[in-house]
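A.B. asks: Structure in structure tokens, see below.
The values are calculated or read from the model by the stated rules, or taken from the named source; none is laboratory data. Keep in mind that what you see is a predicted model, and the values were worked out from it rather than measured. Cβ placement follows ideal geometry from the backbone for every residue including glycine, while neighbour counts extend to all protein chains displayed.
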Amino acid sequence: MLNKLFNRDTPEREDGLVPVAKMSELVPGKLKRITVKGQSIVLALAEKANDQPDHDVVAFAGICPHALGDLSQGWLTKGEIDCPIHYYRFDTRTGECRYPKGGPALRVYPVTIEDGVILLSVEPPKWMDSSAE
Ligand code: FES
């Protein structure tokens, strides 16, 4: 039953990838909040760490793992997101908590781009029993 609830209205392809946005919808420095399978996710163009002029598409949980802050209201700088509540900082590519060291990891999602369309691989939250229907 929970799986049906969380998969409602999600146009998942047979390969499990979910088309979520067009590349043209993303603007450098802006955070785009979406909901996929009941999960709040933030899409963004993150500057490459080596200061190259182009960007990577990143997708990460919209809810901070520290105390549920809204990361779509945070600040993205060189691929790191600062939570607006207590200023924890996370690497949006790996999910590692950069500040403070040893903090909880941020959930990140694999990104695929096909013909200008952004596709995500979104597994159900771990607390969901995948066998429950
Ligand atoms: S809620 Fe995000 S750092 Fe505390």
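A.B. asks: Across the range 90-123, which residue is nearest to the ligand (Cβ to nearest atom) among those that are over 19 Å from E12 (Cβ atoms) and among the polar types (S, T, N, Q)?
C.D. replies: T92
Here is a yes/no grid of residues against (1) more than 12 Å from the chain's Cα centre (by Cα); (2) surrounded by fewer than 14 Cβ atoms within 10 Å (Cβ to Cβ); (3) modelled with pLDDT under 95:
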| site | (1), (2), (3) |
| --- | --- |
| G69 | yes, no, no |
| D82 | yes, no, no |
| H86 | yes, yes, no |
| D91 | no, no, no |
| R107 | no, no, no |
| P124 | yes, no, yes |
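A.B. asks: Looking only at the range 58-89, which residues are more than 9 Å from the ligand (Cβ to nearest atom) and assigned to a strand (DSSP E or B)?
C.D. replies: V58, A59, F60, A61, W75, L76, T77, E80, I81, listed by residue number.
A.B. asks: When K101 is evaluated against the numbered criteria (1) out of contact with any Leu (no Cβ under 9 Å at 6 or more places or on another chain); (2) at pLDDT 95 or above; (3) surrounded by 19 or more Cβ atoms within 10 Å (Cβ to Cβ), which criterion, by number, is the only one it fails?
C.D. replies: Single failed check for K101: (3).
A.B. asks: Test G38 against the stated conditions and say whether it is out of contact with any Gly (no Cβ under 9 Å at 6 or more places or on another chain), closer than 19 Å to L120 by Cα and within 16 Å of the ligand (Cβ to nearest atom).
C.D. replies: So G38 fails the test.
A.B. asks: Every residue in the range 41-50 that is in contact (Cβ under 8 Å) with a residue 24 or more places away in the chain and more than 14 Å from the ligand (Cβ to nearest atom), please.
C.D. replies: If the condition is that a residue be in contact (Cβ under 8 Å) with a residue 24 or more places away in the chain and more than 14 Å from the ligand (Cβ to nearest atom), then I41, L43, A44, A46, E47, K48, A49 are the ones that fit.
A.B. asks: Also, I was wondering about something else. Just to verify a result, which residue in the range 35-57, among those that are outside any strand (DSSP E or B) and closer than 23 Å to G116 by Cβ, is modelled with the highest pLDDT?
C.D. replies: So the residue we want is K37.
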